Amino acid sequence: DVYKRQGGAHGNSYFKAINIASVNGNVRVLRLDDLFINGMDGQRELAMAVWSKLMLNENATWVHDGETTFTDLTKVVNNYVLTSKGFRVLIAPYVAGPYTAGRFIVDIPYSDVMGLDDEGPLKVFIEK
């Protein structure tokens, strides 16, 4: 969580999440597509699950009224943390709602995301 003050009425925060794992024997920063079977659009699949959760969140007013589009959301789902149960997607203020709505932390169970490769780098995170 990074907070910057650059003038104006208030500062602003954003997230910078980094996930590291072994991919084909090499330790490196994971890309979202590393977690999906070949041919799947990982950003789109995760964004669909996040979109569904935000539609249930009354504070995500910009998602409800269309100011934030599905395409906008696909651009921010790369800020995620892998847990034993699923993705924790970190969404900064002004993405899904006004500053007063704050940031959004959206937990998405692995079972809610289509096309995950549970035999790839993700397998060390999944709770069995």
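For segment 67-108, the tally of residues that are in contact with a Pro (Cβ under 8 Å, 6 or more places away or on another chain) and either under 14 Å from Leu54 (Cβ atoms) or surrounded by 15 or more Cβ atoms within 10 Å (Cβ to Cβ) (or both) stands at 4. Give the number of residues within segment 76-108 that are within 9 Å of the chain's Cα centre (by Cα) and not hydroxyl-bearing (Ser, Thr, Tyr). Summing the residues that are within 9 Å of the chain's Cα centre (by Cα) and not hydroxyl-bearing (Ser, Thr, Tyr) in segment 76-108 gives 14. If you take the residues in segment 55-90 that are closer than 18 Å to Met114 by Cβ and part of a helix (DSSP H, G or I), which one is modelled with the highest pLDDT? Across segment 55-90, the extreme among qualifying residues is Met55. Residue-level analysis places Val29 outside the set of residues that are open to solvent by less than 60 Å² (accessible area, probe 1.4 Å), without any contact (Cβ under 8 Å) to a residue 60 or more places away in the chain and under 19 Å from Arg88 (Cα atoms).
All told, Ala60 falls short of being of a type in the set (Gly, Ala, Ser), closer than 26 Å to Ala21 by Cβ and open to solvent by less than 20 Å² (accessible area, probe 1.4 Å). Considering each residue of segment 109-128, count those that are open to solvent by 80 Å² or more (accessible area, probe 1.4 Å) and within 14 Å of the chain's Cα centre (by Cα), and give that number. Residues flagged as open to solvent by 80 Å² or more (accessible area, probe 1.4 Å) and within 14 Å of the chain's Cα centre (by Cα) within segment 109-128 amount to 1. Taken together, the residues in segment 95-109 that are modelled with pLDDT under 95 and touching a helix residue (DSSP H, G or I) at 6+ places or on another chain (Cβ under 8 Å) amount to 6.
All of (1) assigned to a helix (DSSP H, G or I); (2) closer than 30 Å to Gly25 by Cβ; (3) at pLDDT 90 or above hold for Leu122 with one exception: (3). Take the conditions (1) open to solvent by 30 Å² or more (accessible area, probe 1.4 Å); (2) in a helix (DSSP H, G or I); (3) touching a strand residue (DSSP E or B) at 6+ places or on another chain (Cβ under 9 Å); Glu45 misses just one of them, which is (1).
The values are calculated or read from the model by the stated rules, or taken from the named source; none is laboratory data. If you're wondering where the values come from, they're calculated on a predicted model, not measured in any experiment. Note that we place each Cβ from the backbone using ideal geometry, even for glycine, and neighbour counts take in every protein chain shown. Note: areas computed on protein heavy atoms with side chains; ligands, DNA, RNA excluded. Shrake-Rupley method; radii C 1.70, N 1.55, O 1.52, S 1.80 Å.
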